[in-house]
Amino acid sequence: MSTVPDLDPPAVAELGARLAANVSKAVKVPDEVLRNVLVGLVAEGHVLIEDYPGVGKTALARAIARSIRAEFARIQCTADLLPADVVGTNVFNQREDRFEFRPGPIFANVVIVDEVNRASPKTQSGLLECMQERHVTVDVHSHELARPFIVIATQNPVEYEGTYPLPEAQLDRFMVRVGLGYPNAHDEAEMLAAHAESDRVLDLQPVAGVAEILAAQVAAAGVYASEALRRYVARCWRPPARTRARTWAPRRGRA
Ligand SMILES: Nc1ncnc2c1ncn2[C@@H]1O[C@H](COP(=O)(O)OP(=O)(O)OP(=O)(O)O)[C@@H](O)[C@H]1O
Ligand SMILES: [Mg+2]
């Protein structure tokens with residue numbers, strides 16, 4: 001396994017800028033969106049990209065995966081996708097007379113899960129569990145997932161027919177949820193020209209490696225947060241006392 005270099009905060013910022021510049025060569029998205037996605041990568045989170053068809057959701061996920069020279073896999077979700085198609089399965093090796101684990105695409109470093117809301121609830125639940133636990137259990141045997149490990153899932157907010165919306169309570173498995181919006185006229189004209197030549201994402205060269213991403217994750221985890229900051233963050237997401245009481249009050253007069 002490659003050794004993890006030490007990165008200080010300016011080096012992490014430089015890495016982020018390098019990745020953003022590379023991805024932008026292939027996909028036109030607002031800088032802030034790209035920044036949030038890269039923050040998700042460095043903070044060991046997972047990313048959900050939501051927007052209308054054809055705005056570059058899959059292209060963005062592919063561009064990030066190509067930029068970091070990591071092993072990547074793509075899962076196209078459909079209603080008949082099984083949990084075993086995602087995590088892998090035990091197959092019988094006749095020559096050796098024993099079962100062997102054949103890992104699924106979830107064992108890659110970057111896993112692009114396209115149209116996640118088209119997978120059945122059972123498969124979604126298996127996927128969301130892997131994202132949180134970072135390991136997979138198949139027939140009592142536990143298997144560690146790769147490091148770094150990031151799921152970049154996409155979904156379309158229109159056309160709900162035949163889809164299974166992700167459970168609201170489990171959306172927190174994603175650290176970052178972004179929309180892309182439509183590109184401006186200038187970018188759109190450029191995209192048309194670029195598209196005529198080739199697939200820009202396939203032309204991208206990696207600008208970082210797995211060890212560097214791991215180092216950035218270690219550096220981010222080591223950032224000091226003062227007590228005042230922690231209190232402030234906790235206060236930001238607490239609902240006002242009245243809302244809380246109403247949400248959690250037990251029902252009276254019922255079993
Ligand atoms: N913002 C963008 N920047 C660069 N190329 C784009 C952009 N949006 C779309 N494209 C190009 O248009 C094509 C369709 O994009 P893509 O498949 O990523 O869309 P999508 O949002 O995943 O659509 P769907 O919801 O139908 O899956 C791709 O070939 C991509 O190169
Ligand atoms: Mg797509």
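For the stretch 39-64, a residue qualifies if it is among the charged types (D, E, K, R) and more than 9 Å from ligand 1 (Cβ to nearest atom), and the qualifying residues are Glu44, Glu50. Could you check the stretch 146-157 and list, in sequence order, the residues that are more than 16 Å from ligand 1 (Cβ to nearest atom) and either touching a His at 6+ places or on another chain (Cβ under 6 Å) or within 27 Å of Pro53 (Cα to Cα) (or both)? Phe149, Ile150, listed by residue number. Quick check on Ala84: is it within 16 Å of ligand 2 (Cβ to nearest atom) and either out of contact with any Pro (no Cβ under 9 Å at 6 or more places or on another chain) or assigned to a strand (DSSP E or B) (or both)? So Ala84 does not fit the description; no.
Would you confirm whether any residue within the stretch 195-205 is within 16 Å of ligand 1 (Cβ to nearest atom), among the small types (Gly, Ala, Ser) and surrounded by 13 or more Cβ atoms within 10 Å (Cβ to Cβ)? For the stretch 195-205, residues within 16 Å of ligand 1 (Cβ to nearest atom), among the small types (Gly, Ala, Ser) and surrounded by 13 or more Cβ atoms within 10 Å (Cβ to Cβ): absent.
In the stretch 65-80, the qualifying residues are those that are touching a helix residue (DSSP H, G or I) at 6+ places or on another chain (Cβ under 6 Å) and within 16 Å of ligand 1 (Cβ to nearest atom), and the one that is farthest from Thr163 (Cα to Cα) is Ser67.
Within the stretch 133-183, restricting attention to residues that are among the polar types (S, T, N, Q) and surrounded by 12 or more Cβ atoms within 10 Å (Cβ to Cβ), which residue is nearest to ligand 2 (Cβ to nearest atom)?
The extreme case among them is Thr154.
Would you check which residues across the stretch 50-65 are in a helix (DSSP H, G or I) and near ligand 2 (Cβ under 9 Å from one of its atoms) and list them?
Hits for the stretch 50-65 are Lys57, Thr58, Ala59, Ala61.
For the stretch 13-33, the tally of residues that are away from ligand 2 (no atom under 15 Å from the Cβ), crowded, with 19+ Cβ neighbours inside 10 Å and not in a loop (DSSP other than H, G, I, E, B) stands at 4. Does Asn36 count as within 16 Å of ligand 1 (Cβ to nearest atom), touching a Ser or Thr at 6+ places or on another chain (Cβ under 6 Å) and part of a helix (DSSP H, G or I)? No, not satisfied.
Laboratory data are not the source of any read-out in this text; all were calculated from the coordinates shown. Model, not experiment: these values are computed from the prediction. Neighbour counts run over all protein chains shown; Cβ positions are idealised from the backbone, glycine included.
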